[in-house]
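Working notes, structure below.
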Amino acid sequence: MLRSIRLGEADRVLHLYTSERGRVGAVAKGVRRVKSRFGGRLEPLFRVNLILHEGRSDLCTVTSAETVHAHPALRERRDSLERATQACETVLRLFDSTEANPPAYNLLCQELALLDRAPEAASRAQALAFRLKLLLAAGFVPELAACASCGEREHLGGFSASAGGVVCMACEAGSFPLEREAHEFLVLALGRPLAEAPPASENALRQADRALGETLEHHAHVRLRRVA
């Protein structure tokens with residue numbers, strides 16, 4: 001579950017991301033009552049199995065809920081909770097259609113499970129690695145192997161969202177400097193498992209964050225908060 005919003009005196013509107021139907025909106029009736037039959041199972045960051053009733057409204061109605069993973073440990077650590085909330089917000093903003101995207105769904109499940117079991121996963125490098133892999137799942141991953149403008153594989157020292165990725169010195173007009181360490185971080189983060197995000201200096205992470213942020217704004221028309 002990505003987010004929930006209060007509705008009326010006792011209900012909630014749920015923003016869900018599913019493996020088979022992409023984004024789904026649903027109403028959980030009476031969930032805020034003390035004796036709700038759903039108990040505490042319909043909370044953001046929970047992974048749940050739901051039975052939904054589809055009526056005439058754009059919103060489904062939750063008729064049954066079963067917890068798959070509550071991720072209780074990440075809720076006890078501020079850093080992990082903030083990273084998990086940030087991950088859900090990114091999915092919420094980037095994937096707004098009802099078309100299924102199994103890679104994105106699986107990535108979010110992996111990210112929440114990782115943050116739940118490993119306190120050290122709540123790092124800036126790991127959060128950027130997650131965002132980069134989401135860009136791949138969404139079809140917006142930047143070109144990192146060669147100049148996005150001319151195909152040159154040497155002297156890559158800039159990044160241009162409008163060009164589509166890294167650029168060489170001859171094509172760097174309109175780009176911003178992307179140092180070698182930042183470039184290597186992006187390459188390694190894309191290729192490694194989510195739990196093995198490479199370390200990098202703060203300066204390299206700032207440049208990588210800018211590259212991902214500008215890519216999202218230019219190609220997906222989505223502006224996200226930078227990863228702090």
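FYI, it's all coordinate maths here, none of it is from the lab. Please read these numbers as outputs of a predicted model, since none were measured by experiment. We place every Cβ from the backbone using ideal geometry, glycine too, and count neighbours over all the protein chains shown.
Calculated FRET efficiency, VAL68 and ARG225, Cβ-Cβ r, R0 45 Å, to nearest 0.05?
On the way: r = 28 Å, r/R0 = 0.63.
Result of the calculation: an efficiency of 0.95.
Using alpha carbons only, how many angstrom separate the centre of the stretch 182-199 from the centre of the stretch 1-76?
Going from one Cα centre to the other spans 33 Å.
How would MET1, MET169 line up from fewest to most surrounding beta-carbon atoms within 10 angstrom?
Numbers: MET1 20, MET169 13.
Lowest count first: MET169, MET1.
Using a Gaussian network for the chain with springs between C-alpha atoms less than 10 Å apart, which of these wobbles most: LEU92, LEU59, LEU194?
In the Gaussian network model the winner is LEU59.
Quick check on the chain: helices-only [θ] at 222 nm, where DSSP H runs of length 4 and up contribute -39,500 (n - 2.57) each and the sum goes over total residues. Nearest 500, please.
Values: 5 runs with 74 residues, N = 228.
Taken over the chain, the calculation gives -10500 deg cm²/dmol.
Obtain the nm distance between the two label points defined at HIS53 and LYS35 by a simple spin-label model: each point lies 7 Å from its Cα along the Cα-to-C-beta direction.
So the label points at HIS53 and LYS35 sit 2.0 nm apart.
With each label point set 7 Å from Cα along the Cα-Cβ vector, what nm distance links GLU120 and THR61?
Between GLU120 and THR61, the simple spin-label model gives 5.0 nm.
Rank by packing, highest mean first: peptides 46-52, 112-118, with packing defined as the count of other Cβ atoms within 10 Å averaged across residues.
Details: 46-52: 16.0, 112-118: 19.6.
Sorting 46-52, 112-118 by mean packing, highest first, produces 112-118, 46-52.
How high is the FRET efficiency between ALA10 and ASP96 when r is their beta carbon distance and R₀ equals 22 Å, given to the nearest 0.05? Don't skip to the answer; put the middle values down first.
Working: r = 27 Å, r/R0 = 1.24.
That pair, ALA10 with ASP96, gives E of 0.20.
Apply the a/c threshold of 1.5 to the C-alpha gyration tensor of the stretch 9-60 and tell me whether it is rounded, prolate or oblate. Numbers along the way, then the final one.
Values: a/c = 2.13, a/b = 1.34, b/c = 1.59.
Oblate shape, in that a/c is at least 1.5 and b/c is the bigger or equal ratio.
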